[in-house]
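Visitor: Submitted below is the structure of interest, expressed as structure tokens.
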There are 2 protein chains.
Amino acid sequence: MKLLASSSVASLAVLASAQNTSTVDTSPFPTDAPVPGNYTGGLRPQVHFSPPQGFMNDPNGVFYQNGTYHLYYQYNPAALVAGNQHWGHATSQDLYRWENQPIALYPPVENSGVFSGSAVTDPNNTSGFFPDQDDGVVAIFTTNYGDANGGSGLQTQDIAYSRDGGYTFEWYDQNPVIDYNSSQFRDPKVVRYGDEWVMVITFSQEFTISIFKSPDLKNWTFASNFTDAGLLGAQYECPNMVQIPTRDHDTGEEGEMLDLLTLSIQPGAPLGGSVTEYFIGRFNGTHFNPIDRATRLNDFAKDNYAGQFFYGTPEGQDPIDIAWASNWQYTNRVPTASEGWRSAMTVPRSNYVTNATRIGWTLVTEPFNIDAITNTTIEEKSWTGNGSAIVDYSQVESNALHFSINVTGINQTELGTNPTLNFTFMSPVSGESIRNGFLFSGDNPFWVDRSGVNGFVDDIFWNTKFSVADIYNGTVWNVEGVIDRSIFEVFVDRGIHAATVLYYPDEPLTLLSVASRDLSPNAKVDLAVWSLESGWADTAEATPAQSGNYTRV
Amino acid sequence: MKLLASSSVASLAVLASAQNTSTVDTSPFPTDAPVPGNYTGGLRPQVHFSPPQGFMNDPNGVFYQNGTYHLYYQYNPAALVAGNQHWGHATSQDLYRWENQPIALYPPVENSGVFSGSAVTDPNNTSGFFPDQDDGVVAIFTTNYGDANGGSGLQTQDIAYSRDGGYTFEWYDQNPVIDYNSSQFRDPKVVRYGDEWVMVITFSQEFTISIFKSPDLKNWTFASNFTDAGLLGAQYECPNMVQIPTRDHDTGEEGEMLDLLTLSIQPGAPLGGSVTEYFIGRFNGTHFNPIDRATRLNDFAKDNYAGQFFYGTPEGQDPIDIAWASNWQYTNRVPTASEGWRSAMTVPRSNYVTNATRIGWTLVTEPFNIDAITNTTIEEKSWTGNGSAIVDYSQVESNALHFSINVTGINQTELGTNPTLNFTFMSPVSGESIRNGFLFSGDNPFWVDRSGVNGFVDDIFWNTKFSVADIYNGTVWNVEGVIDRSIFEVFVDRGIHAATVLYYPDEPLTLLSVASRDLSPNAKVDLAVWSLESGWADTAEATPAQSGNYTRV
């Protein structure tokens, strides 16, 4: 890595003035300390990762080694809009309590950007960078040689290596490792397959995922293309390929291992802007062969993009991913700029594939390891038939909850005319709300409505209503979710469907109401609500100068 | 056809009381006269087809013969919700001025329904039904043997034949012609291919389009399956296959003929509920082979389903389709019940396929033959750079407009910070509005926002904002549309993108404002607005008892 950074530290005031520009500034931040951050804002997620300040997008190079998860991310530390792409860096032992690290990769030359990519550990020193260690890390990424207006230019695939486990990187002196003289060739994600490294990468505007192979991460050979698949949008970005277990959703019985190929498209999503889709298939060492021609979407809302699977998680564990919780249609305008930051990641999620009744093959995605920050059970209540619960969580310091609602034993012949299980998060102060519910008739939809939250609601791209046909299971209905100041993630029927929903309230939502109506008399509703600890709260005590921020010791 | 109907005529009062029930009533209407209708309501489209009264869904059996277009449709004449499915019937010479005809097909037995299907002309008497004529018509459809609760039951493929050109049908006495003892097997669409009849039909919950072949429309042989393709939703419905020309979108140069396979899914659309997708490929007589693995959607909004191509239109003419302009998530609740009807069809559209810059292969769809009802040019205005126009169309009796806006000559380097071409339809009385616009930056989206219209806006499935990345063409921007009391159809970049958008205003929208801002100084905006004649207005004069309705002479 070329070290272009000085030791000056940009203030939040500078950031605020920069929020409407993408002027490139490659050197405002120290290389030897994390960018400082204030995590106390009312919109600032407490159990989700967000950057200390400035603008973040795609997760990059996520990997696990020796008990530590590393998260790199597309980062503009100098402004509150995309541009000037660095690789920010943070580490965690549990994926909720994050320690911000110094910026890992800086743009190498003026007007360039370190675009998205991946990272791998190289314990066997296949790369030759690590003759004396077994914890070497190699980052593989796109360098974009842009113009002064922030436009894209030549995109080459470059690598950098870290001899200190991923904290600092050296730029490989023979870069680029792949160069097709293309301005639309990016986002390499590398995995280990047998004795080889395998890269999936997009020729974005050719609707092509290319697969390359390498013995050493330096010399790459083209293997195959997977083209013109799924919803094309207008650009392919951020592919991932990961081995994925298959499992019966009801019995838990294990099936064969398959391969999951994910692809993000931007723009051109059905709901506008950006979305991630996936293909289930088998990778044979050179080609990805999907099991069918189907197109499947990761999320039924609008704020989930560029998810990446952690490299190097323990054998036998379901793959874990984390995604950028935003949408390019509005990410540069959302109101968190008032707090000096923009964009959060989803919670980490575990994943497997199942062949679900009526749905067919589908990705099951659920929050991973959330017990790590679960604080107190603040409500447990069950009832039969019609009933309700009110949960006042204004005393939960983080303002973050985890909840679960199960409805079981519905007798279809005894339902009333409008059978529902609805739940609403609201602010008693402003009256703002996020409404949600199951409708147990027709196509049995589950729906989310963020139109009752004031912030940003007038934006022309801010869709407010999302729904999914929850036809998977006619007898057991489950919804689980995490709500965290400005981000709501909901998982329906134990991860068969998932939605990531941003919201920007004027006042914190502090009241949860749950009610069932017109259910069959013996249908049972089980509600559980847990408060979550802030992943950032300890920081003020540890390092008072950086409110709510962890710094590397 | 079994004739179960009596000559009684249900009143609108009866319909109004029935709007919240799907109680089956197989015999409320005359067989020898059209169901009467009142087309004067403030929400009633004037240049779109809607049923005289009661509930309509899919277009069925649409064909053209001897100068007349025939439209059959899924019809519940006895209630304002789906159920009790008949085939309604209407005819037109221009696809805008419709003449309601007597109901064409009645449910054969109690609790049954005549579900969706198609119709063909059989001039060579392949069927044997027409020994003495060359204008025989055969309808091919699904009979659903349901239960008393309106649920689906056995679904068989049946045929009926008409010796009077499609007005009255006889039930084939050897029905069913295909029976797989399935309750999810429906919506046969038959086309002529070479010397054979070819049917596409779905096994809905198996995500399968099956292709059958027949020499005589009676004996059908399985040919192939096309399975697990596209967005699966939870059910496949209403497939269509049609030969489609390819053409350069800019030069008009003709390419090879391809085949278009359309498929509607319900529920499970990305925006919730129902949506239509399509595959471009080649039919070889037995198999449909798509040109790629892509999934393409017909519409970027939420109100377009089950489109069907007219059989028998002249050789060399682009295929014409018409679709149901609604969504199963809310169609049974929309506020037009107050006027005694629910659901309209789209305008007829002509279609071809092009390989568009950045978009790739895509279906181009545009209003067909709208000149037939174009009345007066009520505005023509051009300007350069920033400018605006206000069009008061309160004097347009139909309240229906056709409009076109072109923006040409944009110089990307001279754009201001927020370059837009926005246009709004509004009511000066209520302040309600539909807002729309191009944003000439970022991904160059075109967007539609119906959130400013009061009616139905609180429905939890009523998405209000729709957008598409209009990255096709960086120098010429075009939007064309038809707005008609409660239905708005918009076509972007000469049909590269299309949206069908219902809206239910308290007061009629009568004012169109158009404004450009931050364009480059020499960019040119050309606006044209035409009033449209009501397709139903003459009826009151012709048959005073049926307001605004045509009856068969």
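Bear in mind these aren't lab numbers, they're just calculated from the coordinates by the rules spelled out. Since we're looking at a predicted model, the values are computed, not measured. Every residue, glycine among them, receives a Cβ derived from its backbone with ideal geometry; neighbour counts consider all protein chains shown.
Visitor: Alpha carbon centre of segment A:60-126 versus segment A:326-372: separation in Å?
Guide: Using only Cα atoms to place each centre, the spacing works out to 19 Å.
Visitor: Label B:Asn225 and A:Asp250 with points 7 Å out from Cα along Cα→Cβ: what is the distance between them in nm?
Guide: 2.2
Visitor: Among B:Ser430, B:Ser467, which comes first, then next, by fewest other beta-carbon atoms within 10 Å? Could you put the intermediate results ahead of the total?
Guide: Details: B:Ser430 15, B:Ser467 27.
Ordered from fewest to most neighbouring Cβ atoms within 10 Å, B:Ser430, B:Ser467 come out as B:Ser430, B:Ser467.
Visitor: May I ask for the distance between the Cα centers of segment B:234-258 and segment A:216-246, given as a whole number of Å?
Guide: Centre-to-centre (Cα) distance: 29 Å.
Visitor: So for chain A, averaging the separation of alpha carbon pairs under 8 Å that are six or more residues apart and normalising by length, what relative contact order in percent results?
Guide: Relative contact order here is 15 percent.
Visitor: Based only on other Cβ atoms within 10 Å, what is the fewest-to-most ordering of A:Asp484, A:Asp32, B:Asp303?
Guide: A:Asp32, A:Asp484, B:Asp303
Visitor: If you don't mind, there's one more thing I want to ask. What are the nm distances, shortest first, from B:Glu256 to its equivalents in the other copies, labels at 7 Å along Cα→Cβ?
Guide: In nanometres, ordered from closest: 3.4.
Visitor: Right, something else. May I ask you to derive the relative contact order of segment B:98-176, considering only C-alpha pairs under 8 Å and at least 6 residues apart, and to give it as an integer percent? Kindly include the intermediate steps, with their values, before the conclusion.
Guide: Values: 148 pairs, mean separation 20.9, N = 79.
Reported as a whole number, the value is 26 percent.
Visitor: Still on this model: Which of the lysines could a cross-linker span from A:Lys189 if the Cα-Cα distance has to be under 27 Å and same-chain partners fewer than 8 positions apart are dropped?
Guide: Cα-Cα hits under 27 Å: A:Lys2, A:Lys213, A:Lys218, A:Lys302.
Visitor: List the distances, in nm to one decimal, from the label point of A:Asn522 to the label points of the same position in every other copy, shortest first, placing each label point 7 Å from Cα along the Cα-to-Cβ direction.
Guide: Reported distances to equivalent positions: 8.0 nm.
Visitor: Could you compute the FRET efficiency for A:Glu110 and A:Lys381, with r as their C-beta to C-beta distance and R0 at 56 Å, rounded to 0.05?
Guide: For R0 = 56 Å, the calculated efficiency reads 0.40.
Visitor: Quick one: of the DSSP bridges fully inside the protein assembly as shown, what percent are antiparallel, nearest 5? List each step's numbers first, then the result.
Guide: Details: 323 of 339 bridges.
Looking only at bridges with both residues in the protein assembly as shown, the antiparallel portion is about 95 percent.
Visitor: Can you give the relative contact order of segment B:372-532 as a percent, counting alpha carbon pairs under 8 Å and 6+ residues apart? Intermediate values should be presented prior to the final figure.
Guide: Details: 406 pairs, mean separation 72.7, N = 161.
Contact order relative to length: 45 percent.
Visitor: Put a point 7 Å out from Cα along the line to Cβ at B:Asn355; what are the distances to that point in the other copies, in nm, shortest first?
Guide: 3.8
Visitor: Per residue of B:228-236, what is the mean number of Cβ atoms on other protein chains within 10 angstrom of that residue's Cβ?
Guide: Going residue by residue through B:228-236 and averaging, the value is 6.
Visitor: For segment B:412-417, take each phi angle, set θ = phi - 60°, evaluate the Karplus expression 6.51 cos²θ - 1.76 cosθ + 1.60, and give the result in whole Hz per residue in order, putting x for glycine and proline.
Guide: 4, 7, 10, 6, x, 6
Visitor: Let me ask something additional. What spacing in nm lies between the two simple spin-label points modelled at A:Thr413 and A:Glu196, each 7 Å away from Cα in the Cβ direction?
Guide: The modelled label-to-label distance comes out at 6.0 nm.
Visitor: Rank the residues B:Lys381, B:Lys189 as a footprinting-exposure proxy: fewest other Cβ atoms within 10 Å of their Cβ go first.
Guide: Sorted ascending by nearby Cβ count, the order is B:Lys381, B:Lys189.
Visitor: Now for a separate question. With θ taken as phi - 60° and the coefficients 6.51, -1.76 and 1.60, list the Karplus ³J(HN,Hα) couplings across segment A:117-131 in order, rounded to whole Hz; mark glycine and proline as x.
Guide: x, 9, 9, 9, 8, 10, x, 9, 6, 4, 7, x, 6, 10, x
Visitor: Still on this structure: Cα centroid distance between segment B:436-465 and segment A:409-426, in Å?
Guide: 30
Visitor: For n ≥ 4 DSSP H runs only, could you compute -39500 (n - 2.57) per run for chain A, divide by its residues and tell me the 222 nm figure to the nearest 500?
Guide: On the way: 2 runs with 10 residues, N = 553.
Theoretical 222 nm ellipticity from helices: -500 deg cm²/dmol.
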